[in-house]
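Accompanying notes for the structure given below.
The values are calculated or read from the model by the stated rules, or taken from the named source; none is laboratory data. Since the model is a prediction, treat every value here as computed from it, not as a measurement. Please note: Cβ atoms are built from the backbone with ideal geometry, for glycine as well, and neighbour counts cover all protein chains shown.
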Amino acid sequence: MNTTGSQSQKPGLKKYIPGIAWFFIVLVLVCTPGPDLPEVGDWFGKISADKFIHAGIFGMLSFLFMYPVGVSTVDKKQKLNWFIKIAIATALWGVITELLQLFYIPGRSCSVLDIIADCVGAVLAWATSRYLFLKRNYSPRFLSRI
């Protein structure tokens, strides 16, 4: 027991609900069979928007799990460690989802470029969280009620 009164608290499970919900949304998206996906037309392939979507989806996934840690009272070193762990876990989840698509989802395939985009999203979330919560000490007031 800490008697000095400077005990830091980890965020409660309730603050991770957005990240958990987004995780399941991503799972549904990546497990949708190819023929069930909507047609997007020729413009989609020309600008490779798919890679930006992958980076955004996995970046958001990372950030939604980093955010509760970032606004918690744990010290900066612990926050950085958690940000790194979350980014690595998200990147691994990107690899796993591509393998799921390759072996188990009809009409879907595995793409190394998609894996790279997923990892880029996780790294961007890490960099954003590091900047917001470790450099700027961002702390929103509206989350104090959660």
Within the group A55, A117, A91, A125, which residue is without any contact (Cβ under 8 Å) to a residue 40 or more places away in the chain and part of a helix (DSSP H, G or I)? A91
Check R108 against each of (1) touching a residue at least 24 places away in the same chain (Cβ under 8 Å); (2) under 19 Å from V30 (Cα atoms); (3) assigned to a helix (DSSP H, G or I) and name the one condition it does not meet. (3)
Within the range 1-52, count every residue that is modelled with pLDDT under 75 and part of a helix (DSSP H, G or I). 9
Do we have K85 as in contact with a Leu (Cβ under 9 Å, 6 or more places away or on another chain), of a type outside the set (A, V, I, L, M, F, W, C), surrounded by 13 or more Cβ atoms within 10 Å (Cβ to Cβ) and closer than 19 Å to P11 by Cα here? no
Every residue from the range 58-108 that is of a type in the set (G, A, S), touching a helix residue (DSSP H, G or I) at 6+ places or on another chain (Cβ under 6 Å) and over 18 Å from N137 (Cα atoms): G59, S62, A87, A91, G94, G107
Looking at I57 and the list (1) more than 22 Å from V112 (Cα to Cα); (2) modelled with pLDDT of 90 or more, which single condition is not satisfied? (1)
Residue check for T128: hydroxyl-bearing (S, T, Y), at pLDDT 85 or above and in contact with an Asp or Glu (Cβ under 8 Å, 6 or more places away or on another chain): no
